[in-house]
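Working notes, structure below.
Coordinate-derived values only; no laboratory data. Just so it is clear, the model here is predicted, and its values are computed rather than measured. So basically every Cβ, Gly included, is an ideal-geometry build from the backbone, and we count neighbours across all protein chains shown.
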Amino acid sequence: MVYQAELLNDLQNKAKTIRRESIRMIKAAGLGWVGGSFSQADIVTALVFHHMKHNPKDPKWADRDRLIVSKAHCCETVYAALGEAGYFSKAEFDKYGKLGAILQAHTERTAPGVEYSGGSLGQGLSFALGEALSARIGAPKDVNGRPIPRFRVFCILGDGECNEGQVWEAVMAAAHYKVDNLVAIVDHNKYQSGGKVVDRIDWTPVAPKFAAFNWDTVEVDGHDFNQILSVLERADKTPGKPHAIIANTIKCKGVPSLENKNVHFCAITDEIYQDAMKALA
Amino acid sequence: MKQSYVRDPLGEAKPMYNAYNEAMADLFKKNDKIVLLYGDFPRGAAGEMATKEYPDRVYDVGIAEANLITVAAGLAAGGKIPFTHCHGIFAVGRAYNQIRQNVAFDKFNVKMMLLNTGMLWAFMGGSHQTIEEITALRVIPNLVLFSPADPVETKKIAQAALDHVGPVAIRVANPAVPTIYQDNFPFEVGKAVTVTEGKDATIIATGISVADALKAHDLLAKEKINVRLLDMHTLKPLDEAAIIKAAKDTGAIVTVEDTSILGGLGGAVAEVIAENYLAPVKRVGIKDRFGQSGTIDELKEVYEISASHIAAAVKAVIKRKKK
């Protein structure tokens, strides 16, 4: 599938916007998870600004699609996207991580548009599975007797996060119950907090592991909107299995001086700030 | 002196999980938001009925307690009322962070059945006999913790759990327990039930220990020692007023539980007494030891939680009463 240039441009600009706002947010807060926030930024953009069915004016709309960011420390680009979309005032960005803020250091349901209070890695996919099941219970059935889910659930996981055993408990159960309205997106940026994924616990390649558990699995370049939109659409048309999108990404994508370094949790110095703003202009 | 709503003699003995299933068979049909979740656990009558007649409202996630609890949270977020079922030892042990972070943190409307708790799951041995669940769960904010004493109370608690909007955990012992209460006994969340009235001391018991405490009451009555017996069925929120009143009215307290006295009911009562109204307290329960296989009666002896141990504790604490 090839998408219109106008749509792709629009998404690329939105992705730049949320990266810029994230840099400002982290600078104001003092510290933040710039690496993992930026590797997932294009996926978040594609979901929030194009693929998901949702309404920022009605955050509790029962049939909205859900975005569960299981790697909840990578909150800044999520907050930037939700603020840009209109879930809350952008004045909240400067309050990120401060006392009383709706934008907490790890995503919490205190912020409109945030579905999942994370921070404890490995749990979000189970949560997403529960939501996906709730969309199927009592739903009208198709000609094959399968429920037509009321909404879809998208869950972004870290590759390091998949060290957690609970991820695989959810993977097994989702496949068993053929929860085809559940899409897991692994932000495969090749790093976790302690270093490279392959150095910490090498369980790569990632995709065959999900496929072995009977998930419909694809790999994409996580920074190519054509590919991202393609596989999201493909998931909608592939019934009977949950969907795993292994997104090959670059930690800190968008700030060339930081790209692919293990910049996990850091302060944004004046130097980094200026460099980033220039790159994201 | 036994209250009017206490059966004398005690009624039929029945496992509380059976009583829960009787209640759930009804609740499940009346409220279509209820979803039953199992961690490779026997479904009982209600679960089996639901599996046949409402298959899209029953899920088993296999031997995966962490996934069990968090899937429940997700279902609650999606508007359902999930009841999870697994061994209490593994819910609290293997899914503690999930209870704390996925359920309690956002106050999701999840009901967690903690089955086969306490020392008296006799044959199963130390790996399965919980000593820790009251202690571990008391400290989690937003959580209501129930501990039924008999089949009738179990059914009231199932209803109360459904009526409460927010996280609930219910610890249920394995063995058959005698029916203590008439059907119309006064049950209120957070309010201890007065099983017997008396002035010499108070026994505060919970769960399967209430029946043994009632036996102790009878043993003591023969020696003209008359105790008040309180059934603390709600461990969180604790009925602090009843504890303080017991200290004021009777001057001495014995707590009884089938789990650890360190931070369990005994610990909780001691906290209230220490901060509000001093009286001697003796905690009967598991004294910082793991369990082991045996028969119920053998374990009650070995772990010193039998009726005669409770009676002895009452006599000891009376000796320490302020003159």
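What's the center-to-center distance, using Cα atoms, between the range B:12-37 and the range B:222-238 in Å?
Answer, in whole Å: 27.
Using 0.36 nm times the number of residues separating A:ARG234 and A:LEU31, minus their current alpha carbon distance, what extension gain do you get? Walk me through the numbers on the way to the answer.
Working: separation 203, 0.36 × 203 = 73.08 nm, distance 3.75 nm.
Taking 0.36 nm per residue and subtracting the Cα distance, the gain is 69.3 nm.
For A:GLU219, list long-range residues whose amide hydrogen, built 1.01 Å from N in the peptide plane, is under 5 Å from its own amide hydrogen.
A:ILE246
From the phi of every residue in the range B:293-300, what ³J(HN,Hα) in whole Hz does the Karplus formula 6.51 cos²θ - 1.76 cosθ + 1.60 yield, where θ is phi - 60° and glycine or proline is x?
Those phi angles translate into 6, x, 8, 4, 5, 4, 5, 4 Hz.
What number, in nm² with one decimal, is the all-direction average of the projected area of the convex hull of the alpha-carbon atoms of chain B?
Over all viewing directions, chain B projects a mean Cα-hull area of 15.1 nm².
Shape verdict for the range B:149-239, please, from the Cα gyration tensor: rounded (a/c under 1.5), prolate (a/b greater than b/c) or oblate.
Note, shape of the range B:149-239 comes out prolate.
Mind computing the radius of gyration and Dmax over the alpha-carbon atoms of the protein assembly as shown? Å is fine for both.
27.5, 92
With runs of 4+ DSSP H residues as the only contributors, calculate the mean residue ellipticity of chain B at 222 nm using -39,500 (n - 2.57) per run, divided by the residue total and rounded to the nearest 500.
It lands at -11500 deg cm²/dmol.
How far apart, in nm, are the 7 Å Cα→Cβ label points at B:TYR277 and A:ILE148?
Here the answer is 6.4 nm between the modelled labels.
Got the relative contact order for the range A:5-279 handy, in percent, Cα pairs under 8 Å and 6 or more residues apart?
23 percent
If I take R0 = 25 Å and measure r between the Cβ atoms of B:ASN18 and B:THR51 in this structure, what FRET efficiency does the formula 1/(1 + (r/R0)^6) give, to the nearest 0.05?
The calculated FRET efficiency here is 0.90.
Per-residue Cβ counts within 10 Å, from other chains only, averaged over A:162-171: what number is that? Walk me through the numbers on the way to the answer.
Details: counts 0, 0, 1, 4, 10, 2, 2, 11, 7, 1.
Neighbouring Cβ atoms belonging to other protein chains average 4 per residue here.
Return the loop-located trypsin sites (Lys or Arg not before Pro) in the range B:169-233 (DSSP other than H, G, I, E, B) with at most 15 other Cβ atoms within 10 Å of their own Cβ; answer none if there are none.
Those satisfying the criteria are B:LYS199, B:LYS224.
Between rounded, prolate and oblate, where does the range A:1-140 land on the alpha carbon gyration tensor, with a ≥ b ≥ c its root eigenvalues, rounded for a/c under 1.5, else prolate if a/b exceeds b/c?
Details: a/c = 1.66, a/b = 1.15, b/c = 1.44.
Oblate, since a/c reaches 1.5 and b/c is not below a/b.
Grab the alpha carbons of the range A:155-281, take their convex hull, and tell me the volume per residue in Å³.
Details: hull volume 13.4 nm³, N = 127.
Cα convex hull per residue, to the nearest whole number: 106 Å³.
Would you please report the Å³ per residue occupied by the convex hull of the alpha carbon atoms in the range A:177-238?
Cα convex hull per residue, to the nearest whole number: 99 Å³.
If amide hydrogens are placed 1.01 Å from N in the peptide plane, which non-local residues have theirs closer than 5 Å to the one on A:ARG109?
The list, which skips near neighbours in sequence, is A:SER117.
Quick one: which residues, 5+ away or cross-chain, put their amide H under 5 Å from the amide H of B:ILE81? H built at 1.01 Å from N.
Under 5 Å from the amide H of B:ILE81: B:ILE34, B:VAL35.
Could you give me the percent of Cα pairs per 5 Å distance bin for the range B:243-291, shortest bin first, beginning at zero and ending with the bin that holds the maximum distance?
Over the range B:243-291, the share of Cα pairs per 5 Å bin runs 5, 25, 31, 19, 12, 5, 2, 0 percent.
Using the Karplus curve 6.51 cos²θ - 1.76 cosθ + 1.60 with θ = phi - 60°, work out ³J(HN,Hα) for each residue of the range B:91-96 in order, rounded to whole Hz, and write x for Gly and Pro.
The phi angles translate into 5, 6, x, 8, 10, 5 Hz.
Just check the range B:182-319 against the gyration tensor rule for me: Cα atoms, a ≥ b ≥ c as the square roots of the eigenvalues, rounded for a/c under 1.5, and otherwise prolate or oblate depending on whether a/b exceeds b/c. Before the final figure, lay out each step's value.
Details: a/c = 1.31, a/b = 1.23, b/c = 1.06.
It is rounded, given that a/c, with a ≥ b ≥ c, falls under 1.5.
For a label point 7 Å from the Cα of A:ASP63 along Cα→C-beta, name the residues of the range A:128-150 whose backbone N is under 15 Å from it.
Counting only backbone N, you get A:135-142, A:148-150.
Let's test the formula: R0 of 30 Å, r as the Cβ-Cβ distance of B:GLN182 and B:LYS323. What FRET efficiency results, to the nearest 0.05?
After rounding, the FRET efficiency stands at 0.15.
If you wrap a convex hull around the Cα atoms of the range B:17-57, how much volume per residue is inside, in Å³?
Spread over its residues, the Cα hull of the range B:17-57 gives 63 Å³ apiece.
Relative contact order of the range A:131-281: what whole-number percent is it, with Cα pairs under 8 angstrom and at least 6 residues apart? Provide the component values of the computation, followed by the final result.
Numbers: 222 pairs, mean separation 32.9, N = 151.
Computed value for the range A:131-281: 22 percent relative contact order.
How far apart, in nm, are the 7 Å Cα→Cβ label points at B:LYS287 and B:VAL165?
4.7 nm
Among B:ALA169, A:THR45, A:PHE88, which residue has its Cα positioned farthest towards the positive end of the charge dipole of the protein assembly as shown, with +1 placed on the Cβ of Lys and Arg, -1 on the Cβ of Asp and Glu, and the dipole taken about the Cα centre?
B:ALA169
Taking other Cβ within 10 Å of each residue's Cβ, how do B:LEU37, B:LEU262 sort, fewest first?
The fewest-first ordering by Cβ neighbours comes to B:LEU262, B:LEU37.
Among A:ASP58, A:ASP159, A:ASP94, whose mean-square fluctuation peaks in a Gaussian network model of chain A (Cα, cutoff 10 Å)?
Highest fluctuation of the listed residues: A:ASP58.
Could you work out the percent of alpha carbon pairs in the range B:53-211 separated by over 19 Å, rounded to a whole number?
56 percent
From the C-alpha gyration tensor of the range A:19-95, pull out the three semi-axes of the equivalent ellipsoid (sqrt of 5λ each), sorted largest to smallest, in whole Å.
Result for the range A:19-95: semi-axes of 21, 14, 10 Å.
Taking 7 Å along the Cα-to-C-beta vector as the label spot, tell me the A:THR110-A:ASN226 distance in nanometres, rounded to one decimal.
Inter-label distance under the simple model: 4.3 nm.
Once the Cα atoms of chain A are picked out, what are the Rg and Dmax in Å?
17.8, 60
Restricted to Cα positions, what overall size does the range B:12-90 have along the principal axes? Three whole-Å values, descending.
38, 30, 18
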